Each structure stands twice: as structure tokens, then as C-alpha cells.
Amino acid sequence: MERTFKVILKPLQRFAIQKPNASVLLFLATILAMILANSPLQDRYHHFLQFPVKLVFGDFSIFSHHGEPLSMLAFVNDALMAVFFFTIGLEIKQEVLVGELQSFRKALLPIVAAIGGMVVPVLFYFLVCHEGPEANGAAIPMATDIAFALAVLGLLGKRVPLTMRIFLTALAVVDDIGGIIIIALFYSGHVSLQPLLISAFLLLVLYLGGKMKIYNRLFYYALGFCVWMLFMESGIHPTIAGVLVAFTVPAKPKIDLERFTGDMTEYLSMLDSNDVKSCDRASVLTSHQIQVLNNIHMCTDHSISPLQSIAHRLHPWVNNLILPLFAFVNTGVTFGDIRPESLIHVPLAIVLGLIAGKSLGIFSFSYLFIRSGIIPKPQGLSKRTLFAVSMLGGIGFTVALFIANLSFDSTTEQGIDLLNQAKLGVFVGSFLSGLTGYLLLRMVLPKENS
């Protein structure tokens, strides 16, 4: 009995002592949304989702689409999620330049695994739902939520080898690239050419600005916001604008670390504390000292690339506000509206896609390429651990819910019903994938020294 309690409490203990992160806040926001959607307050919850978001300057309204203000739901999914995809784009660029995707040899395994994890779930989905409006949700089980997947790995502590974390992270990055392509190709409306051409010109300006070493963050924020507004009018989903703008942000600092170290040594030698006029109530620096300190501040600022600087500033907003708010407005499943017979359609298709499709797709594609000798076997990843970590790929959640909202028309009664079913399928499939992956990893990973 004591051993059983230790098995249950140890991962909960790790989870409790971790700082609040995206996965914890997402979970809490999801629970709150489901409670409200099935409580006497459900009308107020749905009223909040339709609340118009307006920001007007004179006759110009910023958050509007074809002259109509965005609802809170549309504002989160089309505007705030563009910021989320902007940070995803920054991470992808960094991985391609200096991370696990920088060389074809290093990138091949996660690319192959991600392709398997996108193709096979679609086939499983079509086994259940292959015609009618239900078939529009085929891309839902393609997604992997890296925050939740890494959170599950975190519960296993030091037992998880570094190669497994790297593999799962790189897999999720490639998976995100696939999701972005799917959204751009299949979830955009009628394309209007004029705003698209203007946005292409602004993207070129951003790219040239990076080449000309324009490192001011406001330059990328301001023009990036203009690109987002133009994408809103063009018919291409506006979250794609966030990814494209991210690719234009420079990844190299103005001052490298070696030069920074030399400059800092020189500047610090110029500061003499004896020149400071001070008393208990005040401290006055000389004009020379102020100039030196300003140079140090500028030197420090220029030693961090715009890509890393922007990502560092945005991540707390994305993790602590945007993603929890996204979960809150998108996860309000109304259980009373789900008919028992509907469970064997969209929910079953998504659950099969996430649990069976993701795990088999990631594992089989990876294993076949490793066995063929095309890809070298990663150190620390056995056949059993590869299958166990492949199960974690079935934690879809954030991007799966996002694609679900794009798949079904929420303006019709049938679309609302299908979206409600899809949300249920994402919850169940993600939960079971995470739980199964965790239990399998507990079985196959080496025991942690206590």
C-alpha cells in the first residue's frame, strides 16, 4: 500500500513544486470553461464569447472583419492566437538555424516521425468519418501540444534521457510546421489579391530591414500588426501572418559575446565609485559615468538578437494569458447537447486519430527508417521507449482545438454540434494519450536512484 501511494504521489509532488506554466493554466482554464458551460451561468458564458471587441480611432476600427467588430471568441482565435503562432514561428526559425533542425541529418528523424504522426491519424479519422461535414475535421488529430507533452515528461524527472526530450521537442516543431501549412492551404477562405500583395510588400520591407540591421523591436511589431490586418482582409487565415512575420526577425545580435565581453571590461574600468557624490538621501553620477552606463545598457541590448529578445518578452504573455484565455473560450463543451449515438462519429474518430493514429504513425515511420539504415538510431532511444514517447504525440489539445474551430462552421446549428463533439474527442484523446504515454514510460525507463 505504501509503495502504491509513492507511485501516485511522486509525480503529483513534482507537478506541485513546478512553477505555474502553460500546461497548468491551460488545465485550470479548461476545467473552469467546462464548469461554466454546464452550469446555470452557461448563458453568461456564451454571451461573453459573443461580446464585441472594439478599438476605434475616429472612423477606423482596428479589430474588425469586413466592417463588423470581432467577437471575443474571434478576437482570441484570430488576433491573440496570431501572437501565439508568431512565437511558434520564432521557435521554428531558431530550431532551423541553430537547433535540432539545422542539418538534414539531425532533422530527418523528427521530420519522418512528424509526417507519420500527421498522415496516419487522418487515415484513422477517415475510417470513422469519411463523408459529409464530419469529414472536414480530418486534420484535428494531426496536432501535438508540446507544452503538455513536455509536462508529462517532466513528471518522470531525471529518468528521461536528454535525447528523448530533444526528439519530442523537434517532432513537435515539425508538427507545428505541418499544422501551419494545413491551415494555410485548407482553412483559408476566398483570397482577395490586393491586401495580399500589400502584405507581401510589407513582409519584403521587414526582411530587408533585418538585412539592413534594423533591430528595433517596434519596427517588427508595427509592420507585423499591419500584415496581420491585411491578412484578415485577404481571406488567408490571419495566424499565418504571425508565422511569416516571425521568419523576417533577425536571429543574429549586433554584438557577439566575445566583443561584448571586451567592451564591458573596458567600460567597467572607466567607472570609479570615488567620483560619485552621495549622501544618505541622494547619489549623483558624473556626466561621464552616465554616458558609460548608457553605453553598457546599449551594448547589453545589442548582444541579444531581436529573435530571442522578442521571444523572451512574449513567452510570459503567451503562456500566462493568451493560451489560458484560448482554452477558456474554446473548451466549453456542453455535455447535455451531446447525443449518445454521436459519440461513435466525430469523437471516436478524433480519439482513434490521437491515440492509435499518432502513436502508430510516429513509431512506425521512425522505426522503419531506423531499421532501413537511412537514419541512425538515436542514443538512449530503444524500440520500447520510442513507442512510449510516440504515445505522447497524441496530446493534441491547443492546436487540435484551434483546427477544430476552423473545421466546423459555428454559425450553424449542425456546425456547433460537430464542434462540441470535436472538443470532447480532443479532451478524451489527449488525456488518454498522455496517461498511457506516462504509464508506458514509467515501465520502460530506467529506475531513478532514490
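Summary table below
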| item | result |
| --- | --- |
| Dipole-positive endmost among 222, 311, 249 within region 214-324 (Cβ charges, Cα centre) | 222 |
| Positive-end residue of 28, 212, 422, charge dipole of the chain with Cβ unit charges | 28 |
| Paired Rg and Dmax values of region 231-358, which use every Cα atom, in angstrom | 26.9, 82 |
| Shape parameters for region 370-450, alpha-carbon atoms, Rg then Dmax in Å | 18.0, 57 |
| Percentage relative contact order, region 198-266, counting C-alpha pairs under 8 Å, at least six apart | 38 |
| Shape category assigned to region 313-433 from the gyration tensor of Cα positions, a/c cut at 1.5 | oblate |
| By accessible area with a 1.4 Å probe, ligands and nucleic acids excluded, highest first: order of 300, 265 | 265, 300 |
| Per residue solvent-accessible surface (Å²) - the chain, probe of 1.4 Å | 52 |
| Size of charge dipole - the chain - debye, nearest 20, with Cβ of Lys, Arg +1 and Asp, Glu -1, no other charges | 1720 |
| Hits among lysines - C-alpha to C-alpha of residue 447 under 23 Å, sequence gap 8 or more where chains match | 6, 10, 158, 377, 383 |
| Region 154-250, Rg to Rh (Cα coordinates; Rh as Kirkwood inverse mean 1/r) | 1.13 |
| Taking N as its residue count, the alpha carbon Rg of region 180-222 over 2.2 N^0.38 Å | 1.48 |
| Full-stretch length increase - residue 68, residue 131 - with 0.36 nm per residue and alpha-carbon distance subtracted | 19.4 nm |
| Cross-link table 93/252; 54/423; 93/423; 93/358, entries beyond 21 Å C-alpha to C-alpha | 54/423; 93/423; 93/358 |
| Residue 298/residue 194 FRET efficiency (R0 45 Å; Cβ-Cβ; nearest 0.05) | 0.65 |
| Relative contact order of the chain, defined on C-alpha pairs under 8 angstrom at six or more residues apart (%) | 27 |
| Residue with peak Gaussian network fluctuation, the chain [Cα springs, cutoff 10 Å], from 343, 55, 321 | 55 |
| Descending semi-axes in Å of the chain, equivalent ellipsoid built from Cα gyration tensor | 39, 31, 23 |
| Residues in region 299-336 reached by a label modelled at residue 225 [backbone nitrogen below 16 Å; 7 Å Cα→Cβ] | 314 |
| Computed FRET value (nearest 0.05) for residue 185 with residue 382, which takes r as the C-beta separation and R₀ as 45 Å | 0.75 |
| Extended-chain gain in nm, criterion 0.36 nm per residue less alpha-carbon gap, residue 115 and residue 368 | 89.8 nm |
| Inter-site label distance for residue 165 and residue 35 at 7 Å from Cα along Cβ, in nm | 3.3 |
| Length gained when the stretch residue 287-residue 213 is fully extended (0.36 nm per residue, less Cα-Cα span) | 23.7 nm |
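The values are calculated or read from the model by the stated rules, or taken from the named source; none is laboratory data. No experiment lies behind these values; they were computed from the predicted model shown. No Cβ is skipped: glycine too gets one built from the backbone with ideal geometry, and neighbour counts run over all protein chains shown. Keep in mind that these areas ignore ligands, DNA and RNA; they rest on the heavy atoms of the full protein, side chains included. Shrake-Rupley method; radii C 1.70, N 1.55, O 1.52, S 1.80 Å.
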